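First comes the structure, then the notes that go with it.
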Amino acid sequence: MSVLGTQKLDPRLVESISRILGNPYDEAALHTVSAPNAKWQDEIPELARAGHRYTEGHMGAGEQKVIRLVQFLEKIPDRSLVLLEEPELTLHPDAQFGLAWYLMTLSRRKGHQIIIATHSPHIFEALPSEARVLLMRDNAGVDVLHAVTHLSAARELSFSVRSNRDLVFVEDEVATSFLTEIWRRLAPDLLRGATIIPLGSAADVTRMVSRLRDQGVRAVGVRDADYGEAPAKGLFSLPGDRSPEQILLEPANLERGEKLLAGLKDAVDRAKVQGQGYAGSEAAKRIFAGLASELEMSSDFIADRLTLAWLSDPQWEDASKALVASIRQACELEHPG
């Protein structure tokens with residue numbers, strides 16, 4: 001076999017490969033090879049790292065894939081439609097996350113529309129929520145869910161249906177913490193017998209509840225309070241008259257929450273920059289997301305603490321009890337006994 005030519009990759013491509021794989025490569029090249037009198041040609045990648053050079057036979061499968069993929073994607077015309085099926089195969093989790101960020105950067109830089117079919121939570125959750133579309137397939141067809149919070153929602157749903165657990169769908173992770181703490185205080189039996197699953201939007205909650213109840217699955221939806229209730233359809237509302245983020249960020253609740261999270265009010269003031277240019281529920285959701293970095297804590301933990309603070313106010317106990325009773329009754333009416 002002979003080397004017919006060598007193409008050194010542009011330093012910018014080498015930097016992209018390094019960022020994806022998490023290794024500082026010095027150089028990368030593609031050697032065009034063939035055999036005497038053969039009609040075929042192939043390309044063999046080469047990497048240089050820490051004073052050593054090695055080619056495909058000594059590379060990991062992930063290195064081979066990323067070099068070829070990056071080199072190909074950088075050559076195609078601007079504003080192309082790119083379809084990738086399971087690009088995470090052979091890549092370790094950190095590289096999957098790095099690949100997702102590279103693809104987003106490439107899309108902005110070259111104007112591509114990139115569609116990825118993936119089973120990787122690392123890729124799925126690296127994407128902004130508006131870019132996430134979850135396809136859930138069963139005997140009745142395919143449901144399309146937009147802006148899903150976590151890919152694990154699909155796995156949780158599948159397990160719960162198989163194990164005959166009651167399903168309670170909510171919009172997002174804050175609503176999950178909100179409802180979980182209500183149950184923990186007022187209905188611990190629901191925590192043992194039901195599963196709360198965040199789907200991403202009120203529309204997805206409505207559609208999934210309708211679909212599963214038609215199939216005889218015990219399912220209800222608990223949407224944010226601004227959507228109202230439809231008990232006959234198994235749809236209920238969280239207590240209050242606004243989104244849970246707005247309720248939890250009310251000044252009175254922040255006063256209570258300060259006793260559970262020192263520095264909370266100052267962190268909220270700093271996080272308000274995230275909500276600039278937005279109003280109502282959308283502003284509150286963005287401020288809430290900014291709290292995680294300001295406090296260096298997970299959003300789940302912050303939501304949990306603020307919900308405990310909210311529940312310490314006696315005025316919300318009756319509304320919370322009514323919601324628990326509605327959920328329990330809806331499931332029992334669907335499947336008496």
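Each value in this text was obtained by applying a stated rule to the coordinates, not by laboratory testing. What you see is a predicted model, and the numbers here were worked out from it, not measured in a lab. Note that we place each Cβ from the backbone using ideal geometry, even for glycine, and neighbour counts take in every protein chain shown.
Between (i) -0.96, -1.44; (ii) -0.79, -1.34; (iii) -0.93, -1.29, which entry matches log10 I(q)/I(0) by the Debye sum over Cα atoms at q = 0.12, 0.16 Å⁻¹ as derived from the coordinates of this structure?
Checking each listed value against the structure points to (iii).
Angle check, please: helix 299-311 long axis (alpha carbons) against the longest principal axis of the chain (alpha carbons), in degrees 0 to 90, nearest 10.
It works out to around 10 degrees.
Multiply the residue gap between Arg242 and Ser107 by 0.36 nm, knock off their C-alpha separation, and tell me the result in nm, one decimal place.
Additional length available on full extension: 45.0 nm.
Output needed for region 143-337: three equivalent-ellipsoid semi-axes, defined as square roots of 5 times the C-alpha gyration tensor eigenvalues, in descending order, whole Å.
Sorted largest first and rounded, they come to 29, 18, 15 Å.
What is the gain in length, in nm to one decimal, between Arg211 and Ala230 on full extension, counting 0.36 nm per residue of separation less the C-alpha to C-alpha distance?
Details: separation 19, 0.36 × 19 = 6.84 nm, distance 1.53 nm.
In short, 5.3 nm is gained.
Tell me what the chain gives for mean residue ellipticity at 222 nm when only DSSP H runs of n ≥ 4 count, each as -39,500 (n - 2.57), the sum divided by the residue total, rounded to 500 deg cm²/dmol.
On the way: 14 runs with 159 residues, N = 337.
So the helix-based figure for the chain works out to -14500 deg cm²/dmol.
Quick one: if you stick a label point 7 Å off each Cα along the C-beta vector at Asp78 and Asp313, how many nm between them?
Going from the Asp78 label point to the Asp313 one covers 5.2 nm.
How long is the gain from Ile115 to Asp10 if the chain were fully straight, where each residue apart is worth 0.36 nm and the alpha carbon distance is subtracted? Numbers along the way, then the final one.
Values: separation 105, 0.36 × 105 = 37.80 nm, distance 2.55 nm.
My answer for the length gained is 35.2 nm.
Can you tell me the orientation of helix 11-21 relative to the chain, as the angle in degrees between its alpha-carbon axis and the longest Cα principal axis, to the nearest 10?
50 degrees
So what's the angle, to the nearest 10 degrees on a 0 to 90 scale, between helix 317-334 and the longest Cα principal axis of the chain?
70 degrees
Using a Gaussian network for the chain with springs between C-alpha atoms less than 10 Å apart, which of these wobbles most: Trp183, Trp40, Trp101?
Judging by the Gaussian network model, the answer is Trp40.
With 5 Å bins from zero, work out the P(r) of region 76-127 over every alpha carbon pair and list the percent per bin.
Reading upward from the zero bin: 5, 23, 30, 23, 14, 5.
With each label point set 7 Å from Cα along the Cα-Cβ vector, what nm distance links Leu260 and Thr90?
Here the answer is 4.9 nm between the modelled labels.
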